[in-house]
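Contents: one structure, followed by commentary.
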Amino acid sequence: MKISIKLGLWFFFCILVIEIFSMFFLHNNLVHSQVHQELGSLQARGNSHRAVLEITSDSATLHHIGLMESHTDTEVVITNTIGDILLSSSKINRSMRTILNKPIDNLPRNGRVLQSDWQKEQYIATVTSFNKGGEKAGYVYMFKNTDEVQKLISQLNKHFLLASILILIFMIITIFFLSKALTKPLISMKEATKKLSKGDFSVTLPPPSRDELGELAQSIQTLANDLNYLKQERNEFLASISHELRTPLTYIKGYADIAKRKELSETDRAQYLDIIQEESEHVSLLLNELFDLAKLDHNTFSISKEKVNISDFLQSIFNKVLPAFKSNKIKLQLACPKNLSFVLDPIRFEQVLLNLLDNSRKYSKENTTTIIKVFEENEVIQLSIKDQGIGIPEEDLPHIFDRLYRVDKSRSRSTGGYGLGLAIVKQLVEAHGGEISVESQVGHGTSFKIILNQK
Ligand code: ADP
């Protein structure tokens with residue numbers, strides 16, 4: 001069943017129950033107060049006759065009272081104390097007789113109601129006593145035919161029925177539009193997720209409202225945007241990889257064709273084969289790095305941590321890279337406190353540092369200095385690699401950890417980089433629960449800072 005129908009039915013039944021109850025109470029109260037009012041006016045009329053009778057109760061007065069009542073929808077019967085009828089405005093029938101025979105003890109001065117059942121009886125009635133010379137002289141009975149009351153009540157019922165039908169129609173229309181309005185965003189979200197599951201991420205939901213549904217729509221929109229971004233990034237990444245692969249493969253194919261020529265001298269052939277070898281090494285390096293990244297992405301990259309003495313660990317890396325720095329005429333310095341240890345994966349972390357140091361060497365000129373500095377504060381280890389190299393332009397800084405991102409494409413090809421090194425470094429540092437950041441100034445140098453939390 002559609003959610004709009006479900007919601008609509010729920011609303012309908014809830015409001016219907018509320019309407020039935022409130023109509024029932026309202027109707028009951030109105031009928032009750034109407035009958036109460038009728039009885040009150042009947043009693044008041046009886047009392048006013050009493051007032052006249054207490055002044056004079058001769059036959060002329062009685063005749064006047066009878067005459068007065070014959071022109072109204074009420075009847076009057078006046079009896080003496082023993083029940084003899086002194087006046088009756090109409091013929092006394094059985095119902096009136098039954099009421100007249102009712103016992104009337106302890107009658108208050110203002111009289112009381114004798115018959116209030118307007119549904120079953122023919123009359124509602126009140127009685128008031130009147131005195132003469134301080135002695136009780138008789139009773140004034142007032143009658144009102146319940147047909148009148150019934151007519152009035154049935155009129156009231158008609159009004160109620162009409163009001164109920166109008167409310168019901170109004171309620172159905174309101175519920176119809178309300179459930180539509182409520183379910184519309186849900187339906188558009190359902191359509192959006194359907195599109196997403198089919199791989200179409202170009203989803204645009206209407207501006208979200210400020211409620212839970214709006215928050216859900218916002219989340220779906222964010223998810224769609226993220227997926228769209230990832231899709232674009234993946235496409236760009238694949239395009240860049242195929243481009244990166246195409247270049248060395250074109251060289252390899254071209255030089256292989258030339259090397260096959262019979263008339264080629266041995267030295268030329270050797271030179272071309274060297275180029276082929278160099279380019280295949282490039283390709284295999286690229287593939288290795290891509291493979292590393294893929295493993296990192298799928299969390300299949302196992303990190304086996306162990307307690308490592310940072311000073312010894314850095315010293316061994318320092319010794320490893322020093323010859324390369326020396327041949328580039330770049331000074332390398334290490335500043336690390338002794339007896340500082342940390343739990344990390346030495347193989348993966350060496351990869352991080354070798355990548356960063358290799359970059360410092362590649363992007364620094366002769367007679368500059370690269371410094372590796374480590375210190376610990378509140379169980380947090382800060383490691384920085386600062387060079388005095390060419391630096392990174394400000395607009396490139398946010399992207400240098402992106403895959404295949406290189407600041408200067410032509411320069412990097414000559415230095416052999418594919419722009420994957422820093423992406424791998426970032427993933428590895430994060431796999432250690434750490435953070436990496438960069439500060440750089442063109443022409444002055446670059447500083448990479450790694451923060452590792454011991455806790
Ligand atoms: P690559 O293998 O091309 O060096 P990386 O991911 O290691 O790729 O670095 C991405 C880019 O960031 C490099 O192409 C280079 O332009 C820039 N870069 C990285 N390290 C440094 C540095 N120490 N000094 C200047 N530029 C750097």
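The table that follows gives values for the structure above.
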read-out	value
Count of residues meeting criterion [surrounded by 13 or more Cβ atoms within 10 Å (Cβ to Cβ) and under 25 Å from V380 (Cα atoms)] in the range 319-339	3
In the range 393-422, residue farthest from the ligand (Cβ to nearest atom) [restricted to those that are within 13 Å of L356 (Cβ to Cβ) and modelled with pLDDT of 85 or more]	F401
Residue satisfying condition, being open to solvent by less than 50 Å² (accessible area, probe 1.4 Å) and modelled with pLDDT of 90 or more, within set I173, I169, I220	I220
Qualifying residue in the range 15-38 (condition: under 30 Å from Q122 (Cα atoms) and touching a Gly at 6+ places or on another chain (Cβ under 9 Å))	no
Tabulated pairs, the range 66-80, first over 12 Å from I92 (Cα atoms), second surrounded by fewer than 17 Cβ atoms within 10 Å (Cβ to Cβ) and of a type in the set (D, E), C-beta under 8 angstrom, 6+ apart or interchain	D73/E148
Number of the condition not met by K151 [criteria: (1) of a type outside the set (A, V, I, L, M); (2) in a helix (DSSP H, G or I); (3) open to solvent by 40 Å² or more (accessible area, probe 1.4 Å); (4) touching a residue at least 40 places away in the same chain (Cβ under 8 Å)]	(4)
Residues being open to solvent by 50 Å² or more (accessible area, probe 1.4 Å) and free of Cβ contacts under 8 Å to residues at least 24 places away in the same chain - total across the range 39-50	3
Of all residues in the range 333-364 being out of contact with any Lys or Arg (no Cβ under 8 Å at 6 or more places or on another chain) and over 29 Å from N288 (Cβ atoms), the one that is farthest from the ligand (Cβ to nearest atom)	N339
Near pairs, Cβ below 7 angstrom, 6+ apart or cross-chain, from the range 1-12 (farther than 13 Å from F176 by Cβ) to any residue that is open to solvent by less than 90 Å² (accessible area, probe 1.4 Å) and among the hydrophobic types (A, V, I, L, M, F, W, C)	I3/L186
S440 being modelled with pLDDT under 85, within 12 Å of the ligand (Cβ to nearest atom) and not β-branched (V, I, T)	no
Residue in the range 55-76 that is nearest to V149 (Cα to Cα), counting only those that are among the acidic types (D, E) and at pLDDT below 90	D73
Residue that is nearest to T369 (Cα to Cα), among those in the range 264-303 that are part of a loop (DSSP other than H, G, I, E, B) and touching a helix residue (DSSP H, G or I) at 6+ places or on another chain (Cβ under 8 Å)	I303
Residue check for T183: among the β-branched types (V, I, T) and open to solvent by less than 90 Å² (accessible area, probe 1.4 Å)	yes
Hits in the range 105-130 (condition: within 18 Å of S33 (Cβ to Cβ), touching a Ser or Thr at 6+ places or on another chain (Cβ under 7 Å) and part of a loop (DSSP other than H, G, I, E, B))	W118
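The values are calculated or read from the model by the stated rules, or taken from the named source; none is laboratory data. Everything numeric in this text was worked out from a predicted model, so none of it was measured. Note: ideal-geometry Cβ built from the backbone for every residue, glycine included; neighbour counts use all protein chains shown. Protein only, heavy atoms only, side chains kept; ligands, DNA and RNA dropped before computing areas. Shrake-Rupley method; radii C 1.70, N 1.55, O 1.52, S 1.80 Å.
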